[in-house]
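Below is one structure, written out as C-alpha cells; comments come after it.
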Amino acid sequence: MQQLSTKHLLGIKGLTEQDIQLIFETADNFKEVINRPIKKVPSLRDITIANIFFENSTRTRLSFELAEKRLSADVINFSSSNSSVKKGETLVDTVNNILSMKVDMVVMRHSSPGAPNFLAKNINANIVNAGDGTHEHPTQALLDAFSIREKLGDVAGKKVAIIGDILHSRVALSNIFCLQKLGAEVMVCGPATLLPKYISSLGVKVEYDVKKALQWCDVANVLRIQLERQQIKYFPSLREYSLYYGVDKKLLDQLDKEIVIMHPGPINRGVELNSDVADSEHSIILNQVENGVAVRMAVLYLLAAVK
C-alpha cells in the first residue's frame, strides 16, 4: 500500500503532490462508503483519536468527529473553554495528560500559529492541524481542491480566484499552497487593506476589482470577513464591503461564462455572498461539506498507517 511521506498533517507545505493525490484517491473510495446505507468501515477500530479544540469550531469539529466515527475509531472530545487550560495548564501538560490515556492521534485547533508543529516535536502521536491561528488549515484546502477536481475533472490548469479577507485567513494560505502544488493558477482579490504585504511573493496574481477577478477565473472561492480576528477597522462598513466585494447574481450574469462558486463557511449572507448565489446551481458549497468528511477520513486513515 502507498504511504504518506509524513506522519503528521501540520500544513500543506509539508505534503508532496503525490501525498495530495493519494489523499484524493483514498477520499474517492471513502466518498463511496459514506453514500452507502451502512456508512461505517472498521478501518480504525483500534485507534483512539482526541479532538482538542482551543478555539471555537462547529463545522470542522463535527466533520472530523463524523469522519472518525465512520472509520470506527474511539473518539475523545476536548474543548479548552471548560478545561484546566482556564486554570493555567500549559499546552504540553494538557496534551500529555490526554496521551497518557493512550491516545494514538490528536486533531488540534489552536489560535497560535505553529502550535501543532510544537506539539509534533514534543509528543509521540500523529498530529492533524485543524487550523492554527491565521497560519494554515490544511484539511480545508484539501477538501476545496478535491471539490474542484470532482466538479471540473482536474485541478491542473484551472484558474482559481480567492476573494475576500486574505489577511486573516488560514484557509487562503493553505489553498494557495495546495492549488499551486496541483498546477492551478491562483489569484487573490480583495481590498488592499485585507491583502497581506507579502502576498505577491507567493506567486499569485493580485486583483482589487472583483468583477475582473470573476471574469478571469474558472472557480471563485469566496471567504468571509473575519471580524473576530480584526483588531482595527480595515474598511468603512460591512455594507460598503458588500457593495464593492459582495458576489451576487447580477454580477455573475454580467460575466460571459459560467464559473463555480465555493465558500469554506460559515457564510455571512448578504455580505460576501448573496443567497441568490450561495443557493444557485453555480455553487458547490454543500458538496464541499460532504467532501470534507471523505477527505478527513482519508487523512486519518492514511496517517494511522504511518508510525
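The values are calculated or read from the model by the stated rules, or taken from the named source; none is laboratory data. Note that the coordinates shown come from a computational prediction; the quantities given were computed from them, not determined experimentally. Reconstructed Cβ throughout: ideal geometry from the backbone, glycine too, with neighbour counts over all protein chains shown.
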_Those residues of the range 252-307 which are part of a loop (DSSP other than H, G, I, E, B), at pLDDT 95 or above and of a type in the set (Val, Ile, Thr), in sequence order_ = Ile259, Ile284
*asked:* So, in the range 34-59, exactly how many residues are of a type in the set (Ser, Thr, Tyr) and modelled with pLDDT of 95 or more?
replied: 2
*Considering every residue within the range 60-69, establish whether at least one is out of contact with any strand residue (DSSP E or B) (no Cβ under 6 Å at 6 or more places or on another chain) and exposed (fewer than 13 other Cβ atoms within 10 Å of the Cβ).*
no
*Subset of the range 8-35 (residues that are hydrophobic (A, V, I, L, M, F, W, C) and either in a loop (DSSP other than H, G, I, E, B) or touching a strand residue (DSSP E or B) at 6+ places or on another chain (Cβ under 7 Å) (or both))*: Leu9, Leu10, Ile12, Leu15
_Looking only at the range 33-84, count every residue that is among the hydroxyl-bearing types (Ser, Thr, Tyr) and within 21 Å of Leu142 (Cβ to Cβ) and tell me the total._
5
*Number of positions in the range 60-93 that are in a helix (DSSP H, G or I) and at pLDDT 75 or above*: 14
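Listed here are the residues, each with its yes/no results for (1) touching a residue at least 40 places away in the same chain (Cβ under 8 Å); (2) at positive phi; (3) outside the structural domain of Ile127 (by TED's automatic domain parsing); (4) of a type in the set (Phe, Trp, Tyr).
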position	(1), (2), (3), (4)
Leu4	yes, no, yes, no
Phe30	yes, no, no, yes
Ile34	yes, no, no, no
Pro37	no, no, no, no
Lys69	no, no, no, no
Ile76	no, no, no, no
_Residue that is nearest to the chain's Cα centre (by Cα) [pool: residues in the range 198-221 that are among the charged types (D, E, K, R) and part of a strand (DSSP E or B)]_ = Lys205
*Just a yes or no: is a residue in the range 101-111 modelled with pLDDT under 90 and under 30 Å from Ile148 (Cβ atoms)?*
yes
*Hey, among the residues in the range 142-167 that are in contact (Cβ under 8 Å) with a residue 12 or more places away in the chain, over 20 Å from Gly265 (Cβ atoms) and charged (D, E, K, R), which one's surrounded by the fewest Cβ atoms within 10 Å (Cβ to Cβ)?*
Lys159
*What single numbered condition from (1) surrounded by 20 or more Cβ atoms within 10 Å (Cβ to Cβ); (2) within 25 Å of Ser57 (Cα to Cα) fails to hold for Ser275?*
(1)
_Just the residues that are of a type in the set (Gly, Ala, Ser) and either in a helix (DSSP H, G or I) or farther than 27 Å from Leu62 by Cα (or both), please, taken from the range 139-187._
Ala141, Ala145, Ser147, Gly153, Ala156, Gly157, Ala161, Ala172, Ser174, Gly183, Ala184
*From the list Asp93, Asp74, pick out the single residue that is among the acidic types (Asp, Glu), over 17 Å from the mean Cα position of the chain (by Cα) and loosely packed, with under 15 Cβ neighbours inside 10 Å.*
Asp93
